[in-house]
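Chemist: Can you keep this structure in mind? I'll have questions shortly.
The values are calculated or read from the model by the stated rules, or taken from the named source; none is laboratory data. Fair warning: this is a prediction, and the values are worked out from it, not measured in the lab. FYI the Cβ positions are ideal-geometry reconstructions off the backbone, even for glycines, and counts take in every protein chain you see. Just so you know, the surface numbers come from the protein's heavy atoms only, side chains and all, with ligands and any DNA or RNA stripped out. Shrake-Rupley method; radii C 1.70, N 1.55, O 1.52, S 1.80 Å.
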Amino acid sequence: MSLDFLNLHEVETLARATLPAATFEYFAGGACDEVTLAENRRAFDELALRYRVLVDVSRRELGTTLLGSAVSAPIVVAPMAFQRLAHADGETGMVKAAGSLGVLFTASTFSTASLEEISAAASGPLWFQLYVHQDRGITRDLVQRAVAAGYRALVLTVDVPEIGRRERDERNAFRLTADLRVANFRPQASDPLQGDAPGSHLAHFISGMRDPAFSWKDLEWLGSLSPLPIVVKGLVRADDARKAVEHGIAGIVVSNHGGRQLDTAIAGLRALPAVVDAVGDRTLVLMDGGIRRGTDIVKALALGARAVMLGRPALWGLAVGGEAGVRRVLGLLCNELDLALALCGTPRLSDLSRDLLS
Ligand code: FNR
């Protein structure tokens, strides 16, 4: 498969031609009418850049530090389930590509390689995304394994008390292929993801493990399990952001789960300024949803995010070219960010501020 795509839109077109239709739709789709999915993109396109001129931009600096980890760009690979559905390289290919570019990788609880296999393949810093299991012993176990395997933070996903209604997956009876498992759990735990039942098998699987009663008061318990900093992923409100800070949270990802959970939820980019204003410097703020261009990253950082998470385009790269495809996707995005910094007259990330936007 050709790796000569020029941007993150073209690689999606190539991935669509490569993947089985139900797999592509699982990756690409959102909840219900996919209003939020579209909004995540529209929010970026509606913001115009008011660039500076006659600035010395001969040296640009993309590197930064996220919770103590030095990274070469303010881009984090978002946690995404079932990466071996995209390509046999799966999560280990993805993490190798991220490491080769100095980009931080977040492993999903629902990975098709175990968190230990992923850390063994890694050459850069790792975060572990956590879905809290209704069996708290399973969650405790996962956290302890993540500590032992060298993960540097827990990314607690808080926007899935129930799984969103993803109608494409319902229609396609989305399921895992027989050769794949949720590798962090015992093998039988993946049974609901397979078989011939109608409807989305992901919905069956999540309804058997989720804990919709999990709430703010349970964060103390989670914090007691390990010394790892906790990043909360999936909030969009200033008051929730303040609560997160009060609960000792080290970071926030302003996110609506790529439009896959509550449809008509606010776009991540639109929710970002209020969250940044609410927490100031007291916690790290990231955002995700709809990042496709270097200028998107400029806009998110100008609004106060310290970094962004990149979702689907990394999967498209994986589908099209395995590890090399992800390297190409991340490399294109870093190059676009570098060019955008030059053309905005903002050679350092710290030069990005709200006056760049109109
Ligand atoms: C996700 N996302 C996600 N989030 C999470 O916390 N745990 C997970 O296991 C998954 N799995 C997952 C699978 C797939 C196929 C997608 C597309 C997304 C959400 C993800 O981390 C991120 O929030 C969004 O993908 C960001 O939006 P973009 O960049 O895809 O537009």
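Chemist: Looking only at the stretch 66-89, how many residues end up being open to solvent by 70 Å² or more (accessible area, probe 1.4 Å) and part of a strand (DSSP E or B)?
Modeler: Counting residues in the stretch 66-89 that are open to solvent by 70 Å² or more (accessible area, probe 1.4 Å) and part of a strand (DSSP E or B) gives 1.
Chemist: Would the stretch 40-55 turn up any residue that is in contact (Cβ under 8 Å) with a residue 60 or more places away in the chain, in a strand (DSSP E or B), open to solvent by less than 40 Å² (accessible area, probe 1.4 Å) and more than 14 Å from the ligand (Cβ to nearest atom)?
Modeler: Checking the stretch 40-55: not a single residue is in contact (Cβ under 8 Å) with a residue 60 or more places away in the chain, in a strand (DSSP E or B), open to solvent by less than 40 Å² (accessible area, probe 1.4 Å) and more than 14 Å from the ligand (Cβ to nearest atom).
Chemist: Write out, first by first residue and then by second, each pair whose Cβ atoms fall under 7 Å of each other, whose residues are 6+ apart or on separate chains, and whose first residue, in the stretch 208-226, is among the small types (Gly, Ala, Ser) while the second is open to solvent by less than 20 Å² (accessible area, probe 1.4 Å) and not in a loop (DSSP other than H, G, I, E, B).
Modeler: Gly223/Ile230; Ser226/Val143
Chemist: Right, another one. Taking the stretch 306-322 only, how many residues are in a loop (DSSP other than H, G, I, E, B) and within 10 Å of the ligand (Cβ to nearest atom)?
Modeler: Final tally of qualifying residues: 1.
Chemist: Would you confirm whether or not the stretch 298-305 contains a residue that is touching a helix residue (DSSP H, G or I) at 6+ places or on another chain (Cβ under 9 Å), within 11 Å of the ligand (Cβ to nearest atom) and either assigned to a loop (DSSP other than H, G, I, E, B) or at pLDDT below 95 (or both)?
Modeler: no
Chemist: Listed residues Leu318, Leu330, Leu310, Leu284; which is touching a Lys or Arg at 6+ places or on another chain (Cβ under 7 Å) and open to solvent by less than 20 Å² (accessible area, probe 1.4 Å)?
Modeler: The conditions single out Leu284.
Chemist: Can you give me the number of residues within the stretch 242-267 that are under 14 Å from Arg306 (Cβ atoms) and either in a helix (DSSP H, G or I) or among the hydrophobic types (A, V, I, L, M, F, W, C) (or both)?
Modeler: 4
Chemist: Identify the residue in the stretch 110-124 that is crowded, with 23+ Cβ neighbours inside 10 Å and not hydrophobic (A, V, I, L, M, F, W, C) and, among all such residues, is farthest from the ligand (Cβ to nearest atom).
Modeler: Here the answer is Thr112.
Chemist: Another question, if that's okay. Just to be sure I understand, how many residues within the stretch 222-259 are surrounded by fewer than 24 Cβ atoms within 10 Å (Cβ to Cβ) and hydroxyl-bearing (Ser, Thr, Tyr)?
Modeler: 2
Chemist: Which of the residues spanning the stretch 147-165 are surrounded by 17 or more Cβ atoms within 10 Å (Cβ to Cβ) and within 17 Å of Gly68 (Cα to Cα)?
Modeler: Tyr151, Arg152, Ala153, Leu154, Val155
Chemist: Here's something else I'd like to know. Inside the stretch 103-137, can you point out the residues that are within 15 Å of Thr157 (Cα to Cα) and either free of Cβ contacts under 8 Å to residues at least 24 places away in the same chain or out of contact with any strand residue (DSSP E or B) (no Cβ under 7 Å at 6 or more places or on another chain) (or both)?
Modeler: Result: Phe110, Ser111, Val132, His133, Gln134.
Chemist: If Leu262 satisfies every condition in (1) within 14 Å of the ligand (Cβ to nearest atom); (2) surrounded by 21 or more Cβ atoms within 10 Å (Cβ to Cβ) but one, which is the exception?
Modeler: (2)
Chemist: Cβ-Cβ under 6 Å, sequence separation 6+ or interchain: first residue in the stretch 148-165 and under 20 Å from Gln261 (Cβ atoms), partner assigned to a loop (DSSP other than H, G, I, E, B) and among the aliphatic types (A, V, I, L, M). Which pairs?
Modeler: Close Cβ pairs (under 6 Å, with a partner that is assigned to a loop (DSSP other than H, G, I, E, B) and among the aliphatic types (A, V, I, L, M)) amount to Leu154/Leu228; Gly164/Ala31; Arg165/Ala31.
Chemist: To continue, here is another question. In the stretch 11-39, what residues are loosely packed, with under 15 Cβ neighbours inside 10 Å and without any contact (Cβ under 8 Å) to a residue 24 or more places away in the chain?
Modeler: Result: Thr13, Ala17, Pro20.
Chemist: Moving on. Kindly list the number of the only condition in (1) in a helix (DSSP H, G or I); (2) within 16 Å of the ligand (Cβ to nearest atom) that fails for Thr92.
Modeler: (2)
Chemist: Taking interchain pairs and intrachain pairs at least six residues apart, which have beta carbon atoms under 8 angstrom, with the first residue in the stretch 80-98 and farther than 20 Å from Gly258 by Cα and in contact (Cβ under 8 Å) with a residue 40 or more places away in the chain and the second among the polar types (S, T, N, Q) and more than 15 Å from the ligand (Cβ to nearest atom)?
Modeler: Within 8 Å, the pairs are Lys96/Ser123.
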